[in-house]
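For reference, the structure discussed in these notes is given below.
The values are calculated or read from the model by the stated rules, or taken from the named source; none is laboratory data. This is a predicted model, so every value here is computed, not measured. Here the Cβ is made from the backbone with ideal geometry for all residues, glycine too, and neighbour counts use every protein chain on show. Note: accessible area is taken over every heavy atom of the protein model, side chains too, but ligands, DNA and RNA are not part of it. Shrake-Rupley method; radii C 1.70, N 1.55, O 1.52, S 1.80 Å.
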Amino acid sequence: PVLEVYMAICGNLILKMAVLGVLCYHWLGRRVATLQGQCWEDFVGQELYRFMVVDFIFMLLDSLFGELVWRLISEKKLKRGQKPEFDIARNVLDLIYGQTLTWLGVLFSPLLPAVQILRLLFLFHIKKLIQRVYSSR
């Protein structure tokens, strides 16, 4: 089981690093060259805010539809008696990914750590609410 967790973390880490690599290539390759006198630091900061918001939306949708709906389907339709397992690799990598975006963007957008803190608090309470709804059934 420990080897499976490490392999899942490594696979997810490679995937997230590839996404960040493509994003940096996109910034440095094509978009920054077309700014024509505008500040490239502002552009990178705006993109990081945008990236953080989109990541938050997908994590929220994953929590609501991926976890809650799958638990309900698994319990009601598939008649499984077992509880779903906590996906350590995915959750740890989501935290590391958010920290990477925050540390990358702290030089370009000073309020990004505050946005990350609010995002983590909101997601924590959403997941706690989902767990409470599921455990009350």
Starting from the Cα-Cα distance between residue 75 and residue 99, subtract it from 0.36 nm times their residue separation and give me the gain in nm to one decimal.
5.2 nm
For residue 98, net neighbour charge (Lys/Arg +1, Asp/Glu -1) across residues whose Cβ lies under 13 Å away
+1
Just how much of residue 15 is accessible, in Å², when a 1.4 Å probe is used and the result is rounded to the nearest 10?
110
Provide 4, 67 ordered by accessible surface of protein heavy atoms (probe 1.4 Å), highest first.
4, 67
So how far apart, in nm, are the two label points at residue 25 and residue 53 if each is 7 Å from Cα heading toward Cβ?
2.7
Quick one: accessible surface of residue 43, probe radius 1.4 Å, all protein chains present, in square angstrom to the nearest 10.
20
Might you work out the accessible area of residue 68 for me, using a 1.4 Å probe with all protein chains in place, and round it to the nearest 10 Å²?
40
Distance from the Cα centre of the range 92-132 to that of the range 40-79, in angstrom?
12
